[in-house]
Amino acid sequence: MLGISILIFMLLPLLSCEKHPADKQHLVIISMDGLPPAYYLEAEKHGLALPNLRELMSRGVYSDGMQSVYPSLTYPAHASMATGVLPKEHGIYANSYYFDGERRPVVSGNFYQSTPIWRIFRRNGLSSAAVFWPVTVEEPIDWLIPEVWWDADKGNDAVRLQKQLQVSTPGLIDSLRAYIGAPLEKYFESDTVKTDAAIYLLKKYRPNLLLLHYSHFDYLQHLHGKFSPEANATAEMQDKQIGRIVQAARDAGIFERTIFMIVSDHGHADISWQINPGVLLAEAGLLEPASNSTNWRAMIVPAGGACSIILRDTSDANARAAVLNIADSLARHQGIESVFYRAQIDSLGGDPNAEVMFEAKPGYAFGSSSQGELTIPASSKSTHGYLPNKPEMLAGFIAAGPGIAANGNIGYLQSTDLFATIGALFGLQEATEGRTVIEKMLD
């Protein structure tokens, strides 16, 4: 917690500064999905050219690591950054979940059980914009292009773009297309196109809060591993995009009033083996061993290095007993590090619907298959989802701008600290109330 205390101390000048009232302040938060702090702390060691990240570090602060949530996944972690609470409180427990028996991505803000920061901005007359920030569909964000994956239409960008139009701010994508001056051929999977969108919003609307989520770096780490040539090239590409956004703030005449934060949701750990607990559920007759089957009494929710089991009907005592038996059996598997039951899951801030959660040992992760062998070679090189206190799961944090001193390394902080930090920046009592670390610093 020391790191966030130092950070809030450095933000205090902003809270009392008459020169930059709240409606003239700007905050740009860029999430580099899957960014471990080693990428910027040891850039030279790995031959990485990250001049824009290094420049922000030189004139601001950076962290040895920001602790994620459990499981350390993209959507729960981003929701915790936006709300200041753990998954069991904000209601976003995984990237996708089961609704009416069918697994679907969690994209709608209607699932929030606590208040995200952009709603507080709206209530206080401050503007916000978001480009592919997770779990923002139907949210009160002034200029919104939310993250939604139209997997069924993979490869058909025209159809996917048409669907994206339906969930984005009316007219925004059409005006973005005119600004870019070219078709959005690669939809928004391209981090450069996401950057184009962010620059357009920054220059045209100058929102008080701009949220941007890059995902390709995480994707390539899954495929090729940490510090692979592919992952390194993507980190350098995203660094260039960040440089473009910083320049856009200069072009828009708001650079001197803009704070830039580079955040992440989790780190990455190398894996070699995949465990499929669904195989045991199928053998016990708790689910039908078929892809996308809606015929199940108990179901796995794999999350990389973690995996939970949920019941379709919580009053199904026989299914619960069978699940607990499977948990006892699986606990002896060579790839299982820990088994967590209901009370332990609550203490970790995890899914309140989970009957049991498994934590994998280093080198192991969980898969979604309910057929074949229980343990198979992993199909990817690295993953996340493990307990957030593991060093490999630490996420990155860098901040620079007015009110933030060039104090360098601030140690460690929590992903839930981001919410209160934003509240302190803009003097939003609703976002800092009850946050003891903030209250202590403001005394």
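Among the numbered conditions (1) touching a helix residue (DSSP H, G or I) at 6+ places or on another chain (Cβ under 6 Å); (2) under 25 Å from ALA378 (Cβ atoms); (3) crowded, with 19+ Cβ neighbours inside 10 Å, the only one that ILE275 does not meet is (1). The single condition among (1) of a type outside the set (S, T, N, Q); (2) more than 25 Å from PRO36 (Cα to Cα); (3) surrounded by fewer than 16 Cβ atoms within 10 Å (Cβ to Cβ) that LEU223 does not meet is (2). Against the criterion of being at pLDDT below 90 and either within 13 Å of the chain's Cα centre (by Cα) or of a type in the set (Val, Ile, Thr) (or both), VAL106 qualifies.
Residues satisfying the criterion are absent from segment 423-442 (criterion: among the hydroxyl-bearing types (Ser, Thr, Tyr), over 22 Å from LYS88 (Cβ atoms) and buried (at least 20 other Cβ atoms within 10 Å of the Cβ)). When you check GLY91 against the structure, is it free of Cβ contacts under 8 Å to residues at least 24 places away in the same chain and closer than 28 Å to ASN208 by Cβ, yes or no? In short, yes. Count of segment 27-46 residues, restricted to those that are over 19 Å from the mean Cα position of the chain (by Cα) and either part of a strand (DSSP E or B) or small (Gly, Ala, Ser) (or both), is 1.
Can you say whether THR432 is β-branched (Val, Ile, Thr) and out of contact with any Leu (no Cβ under 7 Å at 6 or more places or on another chain), as far as the supplied structure shows? So THR432 fits the description; yes. Entry remark, segment 404-416: residues being in contact with a Leu (Cβ under 8 Å, 6 or more places away or on another chain) and either buried (at least 21 other Cβ atoms within 10 Å of the Cβ) or under 21 Å from GLY34 (Cβ atoms) (or both) number 5 in total.
Does segment 250-272 include one or more residues that are more than 26 Å from MET81 (Cα to Cα), touching a residue at least 12 places away in the same chain (Cβ under 8 Å) and buried (at least 22 other Cβ atoms within 10 Å of the Cβ)? Steps first, answer last, please.
Within segment 250-272, the subset more than 26 Å from MET81 (Cα to Cα) is 250-253, 271-272.
Going one step further and asking which of them are touching a residue at least 12 places away in the same chain (Cβ under 8 Å), we end up with 251-252, 271-272.
Then keep just the ones that are buried (at least 22 other Cβ atoms within 10 Å of the Cβ); that gives 271.
Within segment 250-272 (the criterion being more than 26 Å from MET81 (Cα to Cα), touching a residue at least 12 places away in the same chain (Cβ under 8 Å) and buried (at least 22 other Cβ atoms within 10 Å of the Cβ)), the answer is yes, since at least one residue qualifies.
Only residues that are more than 28 Å from SER315 (Cβ to Cβ) and either buried (at least 19 other Cβ atoms within 10 Å of the Cβ) or among the aliphatic types (A, V, I, L, M) (or both) were counted in segment 338-368, giving 4.
Among the residues making up segment 238-248, those that are of a type in the set (A, V, I, L, M) and either surrounded by fewer than 24 Cβ atoms within 10 Å (Cβ to Cβ) or more than 23 Å from THR195 (Cβ to Cβ) (or both) are ILE245, VAL246, ALA248.
Results for (1) at pLDDT 95 or above; (2) polar (S, T, N, Q); (3) over 21 Å from THR432 (Cβ atoms), shown as yes or no for each residue.
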position: LYS19; (1), (2), (3): no, no, yes
position: ILE29; (1), (2), (3): yes, no, no
position: LEU35; (1), (2), (3): yes, no, yes
position: TYR40; (1), (2), (3): yes, no, yes
position: SER68; (1), (2), (3): yes, yes, yes
position: PRO76; (1), (2), (3): yes, no, yes
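Mind counting the residues in segment 152-174 that are of a type outside the set (A, V, I, L, M, F, W, C), free of Cβ contacts under 8 Å to residues at least 12 places away in the same chain and not in a loop (DSSP other than H, G, I, E, B)? The qualifying residues number 4.
The values are calculated or read from the model by the stated rules, or taken from the named source; none is laboratory data. In this text, all values refer to a predicted model and were calculated from it rather than measured experimentally. Don't worry about glycine lacking a Cβ; one is built from the backbone with ideal geometry, like all the others, and counts go over all protein chains shown.
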